[in-house]
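The values are calculated or read from the model by the stated rules, or taken from the named source; none is laboratory data. Values in this document were obtained by computation on a predicted structure and should not be read as measured data. Here the Cβ is made from the backbone with ideal geometry for all residues, glycine too, and neighbour counts use every protein chain on show.
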Amino acid sequence: MTSTDFDAHVREAEPAPVDDVDIDTLDLRLGADSLVWKFYGDVRGVLGFQRLAGTENCIEQLAQGVEDHSVIFNDFIGRAQRSGPPIMRTIYSDDPHKWGRMVRDFHRDIKGTISDGSRYHALNPELFYWAHATFLDQALFITDTFIRRLSYDEKVQIFEESKVWYQLYGVSARSQPQTYDEFVEYWNSMLDKFVPTRTIVYATGYIRKGVPGPKWIPAPVWRIASAPLNGFIRTVVVGTLPQQMRDVCELEWNERRQRNFDRFAGFMRSINPVINRLPRKWLYLSWANEGWDRVGVDPRKLHNG
């Protein structure tokens, strides 16, 4: 799909659920042999949360849907906690079809208009695939940056597995790239569409202004106590973001911070053999742990490069 195709089709704002597939006849699920299972539920994925949420919401139609139909401005953390589990269970549960359709159906009534008066609908295939693409990007980027370097063939495999993942939602795949190389081209073209939406400017306020402190801590004390945390955020969290997102969110970045980020990422990759020996419940999020428990497989022995 080209950049022009996205612009043309997203403005159609027509939902395109796929309900005429007999999912019971399809062996449509990911499993313990997949790289998505190995890496997506890893706790280090948390380092990519701002990249995931941010890139999603730099596209105006998606950000407007969040602003119109969610509680992001008064319950940012709560929204993330409600959105994450169903998506994780689409990968790791024993009934991925149910959870995938549930995620889709959450979005049936999410529609409205953007600043130029054109319409949007969350189940428009171009918009729904963009949201999915940010999760695929998170899996690729975080693994390659903080866990271990992925080979080209492994990136291709994760992309191919993402097609199954997307199909579980039951939304038309007309906008889905067909190869990993096409996905990279698609991703780069979407970065050039980023705009400073109200949603993403609000969601990155803690980076520009500093993490707000508890009310019981005096502000001068918190400024000193929070300095290491804010330094980490402005180096490591901002370091995960594409430059186009830094630009639209007015997040400062320079060569010194890039060097520090690279050192941190290299250190994280260097200790992966140690981290991979941690108890599984420390290494994986709870939904992933449930999946590994169910299949009786130890992921720490798999796909270690």
| Selection within segment 242-265 - surrounded by fewer than 12 Cβ atoms within 10 Å (Cβ to Cβ) and either under 24 Å from the mean Cα position of the chain (by Cα) or of a type in the set (D, E, K, R) (or both) | GLN243, GLU250, GLU252, GLU255, ARG256, ARG259, ARG263
| task | Could you grab me the full set of residues in segment 212-224 that are surrounded by 12 or more Cβ atoms within 10 Å (Cβ to Cβ) and in contact with a Gly (Cβ under 9 Å, 6 or more places away or on another chain)? | result | TRP222, ARG223
| said: Within segment 61-78, does at least one residue satisfy the condition of being modelled with pLDDT of 90 or more, buried (at least 22 other Cβ atoms within 10 Å of the Cβ) and of a type in the set (S, T, N, Q)? | reply: yes
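Restricted to segment 168-206, and to residues that are touching a Gly at 6+ places or on another chain (Cβ under 8 Å) and not in a loop (DSSP other than H, G, I, E, B), which residue is modelled with the highest pLDDT?
Per the criteria, the residue is ILE200.
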| note | Over segment 133-150, the set of residues of a type in the set (S, T, N, Q) and under 17 Å from ASP33 (Cα atoms) is THR143
| query | From the list ASP144, ASP137, which residue is touching a residue at least 60 places away in the same chain (Cβ under 8 Å), surrounded by 15 or more Cβ atoms within 10 Å (Cβ to Cβ), closer than 30 Å to SER270 by Cα and charged (D, E, K, R)? | reply | ASP137
| query | Do we find that THR90 is under 16 Å from the mean Cα position of the chain (by Cα), at pLDDT below 95 and surrounded by 21 or more Cβ atoms within 10 Å (Cβ to Cβ) in this structure? | reply | yes
| Of ARG108, ARG104, ARG82, which residue is at pLDDT below 90 and either assigned to a helix (DSSP H, G or I) or not aliphatic (A, V, I, L, M) (or both)? | ARG82
| query | Which condition breaks for LEU28 when tested against (1) assigned to a helix (DSSP H, G or I); (2) at pLDDT below 90; (3) within 21 Å of SER175 (Cα to Cα)? | reply | (1)
| said: Need pairs with beta-carbon distance below 7 Å; first residue over 20 Å from SER70 (Cβ atoms) and within segment 88-107, second in a helix (DSSP H, G or I) and at pLDDT below 90; sequence gap 6+ or separate chains. | reply: HIS97/ILE23
